[in-house]
1. Taking the stated definitions as given, is residue B:105 in a helix (DSSP H, G or I), modelled with pLDDT under 90, surrounded by 13 or more Cβ atoms within 10 Å (Cβ to Cβ) and within 9 Å of chain A (Cβ to nearest Cβ)?
2. Give all pairs with beta carbons closer than 9 Å in which a residue from the range A:204-216 that is closer than 17 Å to residue A:281 by Cβ meets a residue that is surrounded by 23 or more Cβ atoms within 10 Å (Cβ to Cβ) and hydroxyl-bearing (Ser, Thr, Tyr); count only pairs at least 6 apart in sequence or on separate chains.
3. Mind listing just one residue for me: the one in the range A:89-105 that is under 22 Å from residue A:355 (Cβ atoms) and not aliphatic (A, V, I, L, M) and, of those, farthest from the other protein chains (Cβ to nearest Cβ)?
4. Please specify each residue of the range B:43-59 satisfying the condition of being facing chain A (nearest Cβ under 8 Å) and not in a helix (DSSP H, G or I).
5. Can you tell me which residue within the range A:24-70, out of those that are polar (S, T, N, Q) and assigned to a strand (DSSP E or B), is surrounded by the fewest Cβ atoms within 10 Å (Cβ to Cβ)?
6. Kindly evaluate residue B:127 against the criterion of being of a type outside the set (Gly, Ala, Ser) and within 14 Å of chain A (Cβ to nearest Cβ).
7. Mind telling me which of the residues B:122, B:85 ends up being within 14 Å of another protein chain (Cβ to nearest Cβ), over 21 Å from residue B:32 (Cα atoms) and either among the small types (Gly, Ala, Ser) or not in a helix (DSSP H, G or I) (or both)?
8. Name the residues in the range A:71-88 that are more than 9 Å from every other protein chain (Cβ to nearest Cβ), hydrophobic (A, V, I, L, M, F, W, C) and assigned to a loop (DSSP other than H, G, I, E, B), would you?
Amino acid sequence: MKIGLVCPYSWDVPGGVQQHIRDLAEALIDEGHDVSVISPADDDTPLPPYVVGAGRAVPVPYNGSVARLSFGFLSASRVRRWVNQGGFDVLHVHEPEIPSLSLLACWVASGPIVATVHTAIPRSRVLVVTYPVLRTALEKISGRIAVSEAARTTLVEHIGGDAVVIPNGVATRRYRKAEPLPSWPGSGGAIGFLGRLDEPRKGLAVLLKAFEILGQDRPGLRLLVAGPAADPEEVLQRVPAALRDRVVLLGQVSEDDKVRVLHSVDVFCSPNTGGESFGIVTAEAMAAGVPIVASDIEAFRQVLRGGEAGELFATGDADDLAQAAGRLLDDPVRRAALSAAALAAVVQYDWSVVARDVLRVYETVMLGTKVAVAQDEGDWQAR
Amino acid sequence: MIADIILVVAAALFIGVYVSWRAGRIDRLHARVETARAALDVTLLRRSSVALELATSGLLDPATSLLLAAAVHGTRGGDRPRDLAESDLTRALRAAFSQPDFRSSISGKEGADELLVDLEEATHQVFLARKFYNDVVALTRDARRRPLARLLRLSGKAPTPVFFEMDDSLIADKPGAMLAP
């Protein structure tokens with residue numbers, strides 16, 4: 001199948017939408033499909049072979065912040081040329097309600113168009129339905145995908161219509177192997193944590209308390225913490241002075257370093273106290289094959305198969321966490337078993353599975369017609 | 001004796017007249033601030049109306065249209081302070097107009113040239129109205145700050161007027177500039 005993907009944001013800027021498109025494109029290519037992505041990008045950015053640059057994105061105020069977007073006739077004619085040469089069976093645009101390439105692609109193309117909604121901005125939707133020039137472009141979309149139930153709800157409430165929910169996948173391949181950080185995990189054992197340090201629901205406080213208990217009878221045990229915090233000093237202050245030099249804060253880490261962190265510990269801990277709908281970080285840790293101890297919340301119970309693919313402890317209970325983590329640290333056989341179970345369980349969240357769901361949406365909207373340059377879109381040229 | 005009394009009465013009279021003149025001046029300045037603010041609001045509203053007209057004219061591509069419409073929307077009762085929202089509109093307009101060949105791409109189409117001229121005029125008027133408004137605000141703030149005005153509370157309950165700062169140039173770094181032809 002020939003698939004055209006449209007990215008609204010600059011390829012050279014890190015972001016969730018860009019990463020989603022990259023992972024989806026690579027998963028579709030692995031399935032044997034012919035994929036082309038068009039995205040704004042600086043001219044000197046090295047692009048993967050499947051990405052076509054649509055020129056530099058322009059920083060512009062949108063919705064109260066500055067976004068880097070591609071708009072205007074010049075961008076539109078680049079998209080038109082790409083559509084014309086691509087001969088796509090299906091066009092898949094992302095975030096079409098953002099004033100950028102995806103909206104332009106809907107405008108210049110006709111045929112089977114699928115759209116994925118990532119974030120839900122109610123106000124922009126109000127605008128979209130108000131103005132005919134936008135409505136015309138967006139009404140060409142034949143199928144919508146939302147990446148979360150929240151995005152779907154906003155779509156239903158603010159614009160009408162509906163979308164199928166297909167959550168983000170995990171690029172398990174990228175997590176499988178990595179070089180541990182120098183001197184980690186060490187001989188005394190190491191526990192890892194990933195996430196915002198000062199967001200109470202991420203549960204770092206529970207883990208710190210458990211580490212206090214564990215650290216007393218395990219002189220070599222260390223804690224590796226990666227994630228942003230407004231005040232990292234304050235986090236260290238919560239640890240007793242005697243244990244403080246065994247807690248290492250890395251701050252915010254890059255995607256590559258995140259994988260290395262997962263490979264640098266003996267046990268990974270997800271102590272969240274709630275508010276997770278899927279637990280992407282836990283799934284990523286599973287993909288790295290690191291034994292997991294996680295709080296017993298619905299999202300983790302599901303992803304860890306009710307405790308088969310990782311230990312569960314009573315949510316918010318530091319004593320229970322200390323016991324569960326202690327058992328794992330003492331039992332290499334159990335750790336190896338959990339690691340294998342996690343690797344097997346995470347397969348169902350892999351992008352290849354997600355890509356198959358997306359392909360089913362493509363097949364539903366394809367009715368034998370190909371994507372072409374829209375005829376009526378010459379309207380503006382005629383004026 | 002009588003001469004002394006006359007002197008005292010005359011002095012009191014003089015001071016009274018002077019103080020009431022000062023109070024009257026501050027009052028007049030406050031009134032001028034209000035008029036100037038109303039004039040500024042009118043020009044801002046006119047500018048955003050023309051921008052919205054351009055956004056919905058069908059002359060532009062939908063992405064640029066949405067960008068401008070969203071910026072106009074932000075100036076009308078959004079949750080963002082007025083000065084920031086108006087500056088956002090300026091920057092959105094600037095981004096639209098600084099596209100290569102923007103003018104030539106729409107010039108000559110029905111209604112396009114009139115809209116562009118309207119927009120330039122509205123933008124220049126915002127620049128002028130803002131200048132005049134900030135001018136009288138400066139005068140008023142100065143008059144209110146004088147010791148006598150503060151001591152006798154000559155400005156009464158009227159709130160201190162504030163300057164209106166915003167980015168209002170369609171060409172970067174040229175305040176109030178109109179577009180290059």
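1. Values: in a helix (DSSP H, G or I): yes; modelled with pLDDT under 90: yes; surrounded by 13 or more Cβ atoms within 10 Å (Cβ to Cβ): yes; within 9 Å of chain A (Cβ to nearest Cβ): yes.
Yes; evaluated as a whole, the condition is true for this residue.
2. Hits for this filter: A:206/A:295.
3. Within the range A:89-105, the subset under 22 Å from residue A:355 (Cβ atoms) is A:89-96, A:101-102, A:105.
Applying the additional criterion that residues be not aliphatic (A, V, I, L, M) yields A:89, A:92, A:94-96, A:102.
Values: A:89: 24, A:92: 18, A:94: 14, A:95: 12, A:96: 10, A:102: 9 Å.
Checking each candidate, the answer is A:89.
4. First, the residues of the range B:43-59 that are facing chain A (nearest Cβ under 8 Å): B:55-56, B:58-59.
Result: B:56, B:58, B:59.
5. Here is the first cut: in the range A:24-70, the residues polar (S, T, N, Q) are A:36, A:39, A:45, A:63, A:65, A:70.
After this cut, where a residue has to be assigned to a strand (DSSP E or B) as well, the list is A:36, A:39, A:65.
Working: A:36: 20, A:39: 27, A:65: 7.
Step by step, filter the range A:24-70, then rank; the result is A:65.
6. On the way: of a type outside the set (Gly, Ala, Ser): yes; within 14 Å of chain A (Cβ to nearest Cβ): no.
Judged against the criteria, residue B:127 is not a match.
7. Values: B:122 fails: within 14 Å of another protein chain (Cβ to nearest Cβ).
The conditions single out B:85.
8. First, pick out the residues of the range A:71-88 that are more than 9 Å from every other protein chain (Cβ to nearest Cβ): A:77-88.
Going one step further and asking which of them are hydrophobic (A, V, I, L, M, F, W, C), we end up with A:79, A:82-83, A:88.
Listed by number, the list holds a single entry, A:88.
The values are calculated or read from the model by the stated rules, or taken from the named source; none is laboratory data. Just so it is clear, the model here is predicted, and its values are computed rather than measured. FYI the Cβ positions are ideal-geometry reconstructions off the backbone, even for glycines, and counts take in every protein chain you see.
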